[in-house]
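To start, the structure under review is shown below, and the notes come after it.
Readers should treat all values here as calculations from the given coordinates under stated rules, not as data from a laboratory. This structure is a prediction, so every number in the text was calculated from the model and none was measured. Heads up, the Cβs are rebuilt from the backbone with ideal geometry, glycines too, and the neighbour counts pull from every protein chain shown.
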Amino acid sequence: MKLTSREQEIAEVLFKEPLISQDELAERFGISRSSVAVHISNLMKKGIILGKGYVFNKKASLVVIGEVLLRIDVENPLTNQRIDIEYSGFSVEVSRSLASFGMNPKLLTVIGNDEPGNLILEELKEQDVDISNVVRDLNRRTSRKIYIDDVMQYAESIPDEIFVAAVMSREWVILNCDWLLVEAQYQELINEELFVKEERAINFCTCCFVDDNVPEFLSHYSLVVLGVEGFKQLEHITQSALKLVQAGTQTCIITDGSTMILHLNNQGSNDYTLPPNQSFDSNKDLHLFLAGLVYGLSCGYPIRQAIRIGIGNACRQEAGNGSP
């Protein structure tokens, strides 16, 4: 829930001066003591402070790095054509998901200096996504991709190297967050930029769909989610995942989105069966599973419960995509 301007002011004072009295707050803001009491009560109801003594409920700081784009879908191009346009991309969908959980994710991306970029930012701001660190490229348009029968055919995108260079101009935002979620296409470039700094206090998170080899550089990520089409190559991919864990990855999860989830860490492995009424696309919806998983872990939930939150988030979005 959003804070009023007065609630925000009082929260900032309480954070710096937790022993300040309500009388002192009233005098400082020029309002009555009863008004201060109402504002503090509202801060408690909204979960900002946890009770007397003004103990703050600090939410984890999450940063999302990925592409924002205008997606154009064309179905049945030769018969009854249907054309849909939406704002999409890893950053948009992951940020929306985290905001729907009550988080305030920081979006770190690059968009063009155009009307689609303005509209995307307005929409995300209304959904409580922090857009203050978005980079505007004055010489390019916001990315656009055309899909025909769900297969990408045309793309106008900001080159990966330019994207990452622009994102790294906000390096301080990355190095001061608790959780960093990185889109698959930027995994290696972000890895090259960040992991030489050995900033291991950050939980680096990513996901990708694999059908054979698992990139070795993913061992630098704290949390890796691997999507597979089925478990035909389970043994091979599991061995690759174990190598990631042995090399430094704290948590690795493998899923086909329909039958089971395999969780690996340095203490061993556990598998979880998906309920028959809960399934998701292990390629297209994997980032939504990651968003729910990171939310759960950032709130301190056990891995089993965080996985359930991830499944629920991916399934909910899948059901929404299926509506007319």
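What to note about this one:
- Sorting the segments 275-281, 111-117 by their residues' average number of neighbouring beta-carbon atoms within 10 angstrom, most packed first, yields 111-117, 275-281.
- Rounded to 0.05, the FRET efficiency of the MET44 and ASP178 pair, given R0 = 30 Å and the Cβ-Cβ distance, is 0.80.
- Positive-end residue, the chain charge dipole about Cα centroid, Cβ charges, pick of ASN42, SER88, ILE253: ASN42
- Site pair GLU188 and GLU27 shows an inter-label distance of 6.4 nm when each label is modelled 7 Å from Cα along Cα→Cβ.
- Antiparallel beta bridges, as assigned by DSSP with both residues in the range 202-324, represent about 50 percent of the total such bridges.
- Selected from ASP178, ASP23, ASP212 as most flexible by GNM, with the chain as the system and alpha-carbon contacts under 10 Å: ASP23
- Residues of the range 65-94 with amide N under 19 Å of the 7 Å Cα→Cβ point at GLU126: 69-71, 85-89, 92-94
- Under the simplified labelling scheme, the ILE20-LEU138 pair shows an inter-label distance of 4.0 nm, with each label point 7 Å from Cα along Cα→Cβ.
- Residue pairs, from the table LYS45/LYS284; LYS45/LYS106; LYS16/LYS45, whose Cα atoms sit over 30 Å apart: LYS45/LYS284
- Note on the chain: semi-axes of the ellipsoid equivalent to its C-alpha gyration tensor, largest first and rounded to whole Å, are 36, 26, 20.
- Cβ charges +1 (Lys, Arg) and -1 (Asp, Glu), total dipole of the chain, debye: 1260 debye
- Between GLU9 and ILE83, the contour length at 0.36 nm per residue exceeds the Cα-Cα span by 22.0 nm.
- Assigned charges on the beta-carbon of Lys, Arg, Asp, Glu; the range 5-45 dipole about Cα centre (debye): 140 debye
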